[in-house]
Amino acid sequence: MYGQAQLPATCGELAQGLIGGRFLHLTCPIDAWVTASASLTQGSGRIEGLADRPKAARAVSTLLEIWNLEGRFDVQIDLDNPLPSGKGLATSTADICAAAFAVARALGRELAPAEMGRIAIAVEPSDGLFFPGIAVFDHRSGAWGKTVGMPPIPPLHILAYDLGGEVDTIEFNSRADLLEANRQKEVAVRRAFALITQGLRTGDPGPIGEGATVSARANQSILPKEALDEIIGGIGAFGAVGVNVAHSGTVLGVLVPDSSRHRIGAIVNWVEARFPKWSRLGHFRLVGGGPRFTKISRWGKDAAL
(Lines give C-alpha, C1' and ligand atoms only; values in the text may rest on other atoms or scores of the structure.)
Protein backbone atom coordinates (compact mmCIF):
# COMPACT_ATOMS: atom_id res chain seq x y z
CA MET A 1 0.00 0.00 0.00
CA TYR A 2 1.29 3.42 -0.95
CA GLY A 3 0.33 7.01 -0.18
CA GLN A 4 1.78 10.45 -0.64
CA ALA A 5 0.94 13.80 0.96
CA GLN A 6 2.24 17.34 0.86
CA LEU A 7 1.81 19.98 3.56
CA PRO A 8 2.75 23.64 3.38
CA ALA A 9 5.38 25.11 5.62
CA THR A 10 4.68 28.52 7.14
CA CYS A 11 6.30 31.91 7.45
CA GLY A 12 5.75 32.20 11.18
CA GLU A 13 2.17 33.14 12.05
CA LEU A 14 -0.13 35.96 11.02
CA ALA A 15 -0.87 36.54 14.71
CA GLN A 16 -0.34 34.75 18.00
CA GLY A 17 -1.13 35.21 21.66
CA LEU A 18 -3.44 34.53 24.57
CA ILE A 19 -7.17 35.06 24.07
CA GLY A 20 -9.62 34.08 26.77
CA GLY A 21 -7.11 31.81 28.44
CA ARG A 22 -6.18 29.97 25.23
CA PHE A 23 -2.83 30.18 23.44
CA LEU A 24 -3.97 30.75 19.85
CA HIS A 25 -2.37 31.58 16.54
CA LEU A 26 -3.58 32.39 13.05
CA THR A 27 -1.74 30.27 10.51
CA CYS A 28 0.43 31.65 7.73
CA PRO A 29 0.88 28.77 5.24
CA ILE A 30 3.13 29.44 2.26
CA ASP A 31 3.84 27.71 -1.04
CA ALA A 32 6.89 25.82 0.25
CA TRP A 33 6.00 22.16 0.50
CA VAL A 34 7.05 19.21 2.62
CA THR A 35 6.38 15.88 0.90
CA ALA A 36 6.06 12.45 2.47
CA SER A 37 5.62 9.09 0.75
CA ALA A 38 4.54 6.06 2.76
CA SER A 39 4.81 2.39 1.80
CA LEU A 40 3.06 -0.12 4.06
CA THR A 41 3.57 -3.88 4.01
CA GLN A 42 2.41 -6.62 6.35
CA GLY A 43 4.92 -6.82 9.17
CA SER A 44 5.69 -6.31 12.83
CA GLY A 45 5.40 -2.54 13.23
CA ARG A 46 8.80 -1.25 12.11
CA ILE A 47 8.92 2.41 11.05
CA GLU A 48 11.86 3.15 8.77
CA GLY A 49 13.20 6.21 6.97
CA LEU A 50 12.70 8.64 9.84
CA ALA A 51 15.85 8.11 11.90
CA ASP A 52 16.60 11.83 11.62
CA ARG A 53 12.93 12.81 12.10
CA PRO A 54 11.96 11.20 15.43
CA LYS A 55 8.97 13.49 15.89
CA ALA A 56 7.46 12.35 12.59
CA ALA A 57 8.14 8.72 13.53
CA ARG A 58 6.34 9.22 16.83
CA ALA A 59 3.36 10.73 15.02
CA VAL A 60 3.10 7.75 12.67
CA SER A 61 3.32 5.36 15.61
CA THR A 62 0.60 7.31 17.46
CA LEU A 63 -1.67 7.30 14.41
CA LEU A 64 -1.40 3.53 13.98
CA GLU A 65 -2.05 3.03 17.69
CA ILE A 66 -5.16 5.24 17.62
CA TRP A 67 -6.48 3.27 14.66
CA ASN A 68 -5.69 -0.06 16.39
CA LEU A 69 -3.18 -0.99 13.71
CA GLU A 70 0.02 -1.06 15.77
CA GLY A 71 2.24 -4.04 15.07
CA ARG A 72 0.43 -4.99 11.86
CA PHE A 73 2.47 -3.12 9.25
CA ASP A 74 6.04 -2.21 8.48
CA VAL A 75 6.14 1.41 7.33
CA GLN A 76 8.73 3.01 5.06
CA ILE A 77 8.57 6.82 4.96
CA ASP A 78 10.44 8.99 2.47
CA LEU A 79 10.34 12.61 3.63
CA ASP A 80 11.45 15.62 1.58
CA ASN A 81 11.72 18.85 3.57
CA PRO A 82 13.93 21.57 2.03
CA LEU A 83 13.53 24.04 4.90
CA PRO A 84 15.82 24.93 7.82
CA SER A 85 14.61 24.02 11.32
CA GLY A 86 14.42 26.17 14.43
CA LYS A 87 13.44 29.32 12.50
CA GLY A 88 9.66 29.42 12.87
CA LEU A 89 8.75 27.81 9.54
CA ALA A 90 6.78 25.01 11.24
CA THR A 91 9.12 22.42 9.75
CA SER A 92 8.54 19.89 12.54
CA THR A 93 4.76 20.23 12.26
CA ALA A 94 4.96 19.87 8.48
CA ASP A 95 7.10 16.72 8.87
CA ILE A 96 4.68 15.25 11.41
CA CYS A 97 1.59 15.99 9.35
CA ALA A 98 3.00 14.99 5.95
CA ALA A 99 4.08 11.61 7.33
CA ALA A 100 0.75 11.00 9.08
CA PHE A 101 -1.38 12.03 6.09
CA ALA A 102 0.74 9.86 3.76
CA VAL A 103 0.17 6.82 5.99
CA ALA A 104 -3.55 7.57 6.15
CA ARG A 105 -3.61 7.86 2.36
CA ALA A 106 -1.85 4.51 2.01
CA LEU A 107 -4.47 2.94 4.26
CA GLY A 108 -7.30 4.53 2.28
CA ARG A 109 -8.56 6.36 5.35
CA GLU A 110 -9.37 9.99 6.05
CA LEU A 111 -7.47 11.84 8.76
CA ALA A 112 -9.61 14.73 10.03
CA PRO A 113 -7.95 18.00 11.10
CA ALA A 114 -9.05 17.62 14.73
CA GLU A 115 -7.53 14.14 14.92
CA MET A 116 -4.35 15.32 13.21
CA GLY A 117 -4.15 18.13 15.75
CA ARG A 118 -4.34 15.74 18.69
CA ILE A 119 -1.58 13.59 17.21
CA ALA A 120 0.68 16.59 16.53
CA ILE A 121 0.19 18.11 19.97
CA ALA A 122 1.03 14.78 21.59
CA VAL A 123 4.49 15.22 20.05
CA GLU A 124 5.10 18.96 20.58
CA PRO A 125 3.40 22.39 20.46
CA SER A 126 2.29 22.56 16.83
CA ASP A 127 1.16 24.86 14.06
CA GLY A 128 -2.37 24.53 12.67
CA LEU A 129 -1.13 24.25 9.07
CA PHE A 130 -3.05 20.97 8.64
CA PHE A 131 -6.40 22.81 8.67
CA PRO A 132 -7.72 23.89 5.27
CA GLY A 133 -7.49 27.59 4.46
CA ILE A 134 -6.26 29.99 7.13
CA ALA A 135 -6.99 28.67 10.61
CA VAL A 136 -6.94 29.58 14.27
CA PHE A 137 -5.46 26.85 16.47
CA ASP A 138 -4.53 26.32 20.11
CA HIS A 139 -0.90 25.34 19.61
CA ARG A 140 -0.32 24.38 23.25
CA SER A 141 -3.26 22.07 24.04
CA GLY A 142 -4.69 21.30 20.59
CA ALA A 143 -8.13 21.47 22.19
CA TRP A 144 -9.54 24.05 19.80
CA GLY A 145 -9.11 25.00 16.19
CA LYS A 146 -11.11 26.03 13.14
CA THR A 147 -10.76 27.45 9.66
CA VAL A 148 -11.46 31.19 9.53
CA GLY A 149 -10.50 31.89 5.91
CA MET A 150 -11.20 29.57 3.00
CA PRO A 151 -9.88 29.85 -0.55
CA PRO A 152 -9.63 31.96 -2.51
CA ILE A 153 -7.01 33.30 -0.11
CA PRO A 154 -6.36 37.05 -0.61
CA PRO A 155 -3.35 37.39 -2.94
CA LEU A 156 -0.40 38.21 -0.72
CA HIS A 157 3.31 37.88 -1.44
CA ILE A 158 5.63 37.14 1.50
CA LEU A 159 9.33 38.00 1.39
CA ALA A 160 10.74 35.78 4.13
CA TYR A 161 13.94 36.62 6.01
CA ASP A 162 15.84 34.77 8.71
CA LEU A 163 17.17 37.24 11.27
CA GLY A 164 19.61 34.67 12.67
CA GLY A 165 19.80 32.15 15.49
CA GLU A 166 17.49 29.29 16.45
CA VAL A 167 14.58 28.84 18.86
CA ASP A 168 13.64 25.46 20.32
CA THR A 169 9.84 25.14 20.24
CA ILE A 170 9.51 22.99 23.35
CA GLU A 171 11.96 25.07 25.37
CA PHE A 172 10.30 28.34 24.32
CA ASN A 173 6.83 27.13 25.29
CA SER A 174 8.16 26.02 28.68
CA ARG A 175 9.22 29.54 29.70
CA ALA A 176 7.97 30.40 33.19
CA ASP A 177 7.15 33.99 32.21
CA LEU A 178 5.21 33.14 29.05
CA LEU A 179 1.69 33.15 30.50
CA GLU A 180 1.97 36.55 32.17
CA ALA A 181 3.79 38.07 29.19
CA ASN A 182 0.97 36.94 26.91
CA ARG A 183 -1.67 38.30 29.28
CA GLN A 184 -0.03 41.70 29.04
CA LYS A 185 -0.49 41.82 25.25
CA GLU A 186 -3.98 40.28 24.99
CA VAL A 187 -5.71 43.53 23.98
CA ALA A 188 -3.33 43.96 21.04
CA VAL A 189 -3.68 40.31 20.03
CA ARG A 190 -7.47 40.55 19.99
CA ARG A 191 -7.20 43.58 17.70
CA ALA A 192 -4.78 41.72 15.45
CA PHE A 193 -7.11 38.73 15.15
CA ALA A 194 -10.08 41.00 14.37
CA LEU A 195 -8.23 42.84 11.61
CA ILE A 196 -6.89 39.68 9.99
CA THR A 197 -10.24 37.88 10.01
CA GLN A 198 -11.82 41.01 8.51
CA GLY A 199 -9.27 40.94 5.70
CA LEU A 200 -9.83 37.24 5.09
CA ARG A 201 -13.58 37.74 5.00
CA THR A 202 -13.46 40.67 2.56
CA GLY A 203 -10.48 39.49 0.51
CA ASP A 204 -8.54 42.65 1.38
CA PRO A 205 -4.81 42.21 2.11
CA GLY A 206 -4.67 45.58 3.89
CA PRO A 207 -6.26 44.55 7.20
CA ILE A 208 -4.32 41.27 7.10
CA GLY A 209 -1.05 43.18 6.94
CA GLU A 210 -2.17 45.68 9.57
CA GLY A 211 -3.23 42.93 11.97
CA ALA A 212 -0.05 40.94 11.43
CA THR A 213 1.99 44.06 12.16
CA VAL A 214 0.04 44.70 15.38
CA SER A 215 0.81 41.15 16.52
CA ALA A 216 4.48 41.42 15.55
CA ARG A 217 4.87 44.62 17.56
CA ALA A 218 3.07 43.14 20.56
CA ASN A 219 5.44 40.16 20.52
CA GLN A 220 8.50 42.38 20.95
CA SER A 221 8.07 42.05 24.72
CA ILE A 222 8.45 38.26 24.44
CA LEU A 223 10.84 37.56 21.56
CA PRO A 224 12.07 40.82 20.03
CA LYS A 225 13.00 41.17 16.37
CA GLU A 226 15.86 43.43 15.34
CA ALA A 227 14.90 46.84 13.91
CA LEU A 228 11.21 45.94 13.66
CA ASP A 229 9.94 49.54 13.72
CA GLU A 230 12.55 50.59 11.17
CA ILE A 231 11.50 47.98 8.65
CA ILE A 232 7.80 48.64 9.23
CA GLY A 233 8.42 52.34 8.66
CA GLY A 234 10.37 51.77 5.46
CA ILE A 235 8.44 49.16 3.50
CA GLY A 236 5.20 51.13 3.30
CA ALA A 237 6.78 53.46 0.75
CA PHE A 238 7.02 50.48 -1.62
CA GLY A 239 3.39 49.42 -1.22
CA ALA A 240 3.88 46.68 1.38
CA VAL A 241 0.98 46.31 3.82
CA GLY A 242 2.99 45.18 6.86
CA VAL A 243 5.09 42.43 8.34
CA ASN A 244 4.51 39.18 10.15
CA VAL A 245 6.87 37.21 12.37
CA ALA A 246 7.51 33.81 13.82
CA HIS A 247 6.37 34.51 17.37
CA SER A 248 8.58 31.69 18.66
CA GLY A 249 11.21 31.79 15.91
CA THR A 250 13.64 33.96 14.00
CA VAL A 251 11.71 34.59 10.78
CA LEU A 252 10.17 37.85 9.56
CA GLY A 253 7.96 38.23 6.49
CA VAL A 254 7.37 41.39 4.46
CA LEU A 255 3.76 41.31 3.24
CA VAL A 256 3.18 42.66 -0.26
CA PRO A 257 -0.24 42.76 -1.97
CA ASP A 258 -0.52 41.62 -5.56
CA SER A 259 -1.15 45.23 -6.61
CA SER A 260 2.41 46.08 -5.51
CA ARG A 261 4.16 42.99 -6.87
CA HIS A 262 6.06 45.15 -9.38
CA ARG A 263 7.82 46.77 -6.38
CA ILE A 264 9.10 43.50 -4.90
CA GLY A 265 12.56 43.90 -6.42
CA ALA A 266 12.84 47.37 -4.91
CA ILE A 267 11.72 46.08 -1.51
CA VAL A 268 14.32 43.30 -1.61
CA ASN A 269 17.05 45.81 -2.48
CA TRP A 270 15.97 48.19 0.30
CA VAL A 271 15.77 45.50 2.98
CA GLU A 272 19.07 43.89 2.09
CA ALA A 273 20.93 47.19 1.90
CA ARG A 274 19.85 48.08 5.43
CA PHE A 275 20.00 44.63 7.00
CA PRO A 276 22.87 42.81 5.27
CA LYS A 277 23.14 40.17 8.01
CA TRP A 278 19.60 38.91 7.38
CA SER A 279 19.29 35.82 5.19
CA ARG A 280 16.60 35.83 2.51
CA LEU A 281 14.69 32.54 2.59
CA GLY A 282 12.55 33.21 -0.46
CA HIS A 283 9.61 34.90 -2.11
CA PHE A 284 6.43 33.02 -1.30
CA ARG A 285 2.69 33.38 -1.52
CA LEU A 286 0.13 32.95 1.22
CA VAL A 287 -1.81 29.74 0.53
CA GLY A 288 -4.45 27.66 2.25
CA GLY A 289 -3.33 24.96 4.64
CA GLY A 290 -4.22 21.29 4.69
CA PRO A 291 -2.83 18.27 2.82
CA ARG A 292 -2.42 17.98 -0.94
CA PHE A 293 -2.35 14.56 -2.51
CA THR A 294 -1.17 15.57 -5.99
CA LYS A 295 2.52 16.44 -6.06
CA ILE A 296 3.42 20.05 -6.78
CA SER A 297 6.67 22.01 -6.85
CA ARG A 298 8.17 22.04 -3.37
CA TRP A 299 9.37 25.67 -3.33
CA GLY A 300 7.86 29.10 -3.86
CA LYS A 301 8.86 31.64 -6.45
CA ASP A 302 12.53 32.60 -6.42
CA ALA A 303 13.02 35.95 -4.73
CA ALA A 304 16.07 36.87 -6.85
CA LEU A 305 14.19 39.26 -9.10
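Looking across segment 161-193 at every residue that is part of a helix (DSSP H, G or I), closer than 30 Å to Glu272 by Cβ and of a type outside the set (S, T, N, Q), the one that is modelled with the lowest pLDDT is identified as Phe172.
Within segment 154-162, is there a residue that is in contact with a Gly (Cβ under 7 Å, 6 or more places away or on another chain) and more than 29 Å from Ala56 (Cα to Cα)?
Checked against the condition, which is being in contact with a Gly (Cβ under 7 Å, 6 or more places away or on another chain) and more than 29 Å from Ala56 (Cα to Cα), segment 154-162 yields at least one hit.
In segment 267-279, the qualifying residues are those that are surrounded by 15 or more Cβ atoms within 10 Å (Cβ to Cβ) and touching a helix residue (DSSP H, G or I) at 6+ places or on another chain (Cβ under 8 Å), and the one that is nearest to Gly199 (Cα to Cα) is Ile267. Within the span defined as segment 196-203, every residue fails to be touching a Leu at 6+ places or on another chain (Cβ under 6 Å) and charged (D, E, K, R). Cβ-Cβ under 6 Å, sequence separation 6+ or interchain: first residue in segment 269-280 and in contact (Cβ under 8 Å) with a residue 24 or more places away in the chain and within 15 Å of Ala160 (Cβ to Cβ), partner of a type in the set (A, V, I, L, M) and surrounded by fewer than 12 Cβ atoms within 10 Å (Cβ to Cβ). Which pairs? Taking only residues 6 or more apart or on different chains, not a single pair turns up.
Whenever a residue of segment 169-187 is within 15 Å of Arg140 (Cβ to Cβ) and surrounded by 14 or more Cβ atoms within 10 Å (Cβ to Cβ), its partners that are at pLDDT 90 or above and among the aromatic types (Phe, Trp, Tyr), lying with C-beta atoms within less than 8 angstrom and at least six residues away or across chains, give the pairs Asn182/Phe23. The strands (runs of 3 or more DSSP E) located wholly in segment 1-109 that include 1 or more residues which are at positive phi occupy 2-19. Before we move on, is Asp204 over 18 Å from the mean Cα position of the chain (by Cα) and within 25 Å of Phe238 (Cβ to Cβ)? Taking the combined requirement at face value, the residue satisfies it.
Among Ala160, Ala188, Ala176, Ala181, which is hydrophobic (A, V, I, L, M, F, W, C) and under 20 Å from Pro29 (Cα atoms)?
Ala160
When residues in segment 64-90 are screened for being modelled with pLDDT of 95 or more, under 23 Å from Val251 (Cα atoms) and crowded, with 23+ Cβ neighbours inside 10 Å, 2 of them pass.
Among the residues of segment 246-255, not a single one is in a helix (DSSP H, G or I) and at pLDDT 95 or above. If the condition is being farther than 22 Å from Pro82 by Cβ and surrounded by 21 or more Cβ atoms within 10 Å (Cβ to Cβ), then segment 50-63 contributes only Leu63.
The values are calculated or read from the model by the stated rules, or taken from the named source; none is laboratory data. This one's a predicted model, so the numbers in the text were calculated from it and none came from an experiment. Methodologically, a virtual Cβ is constructed for each residue, glycine included, from the backbone with ideal geometry; neighbour enumeration extends over all protein chains shown.
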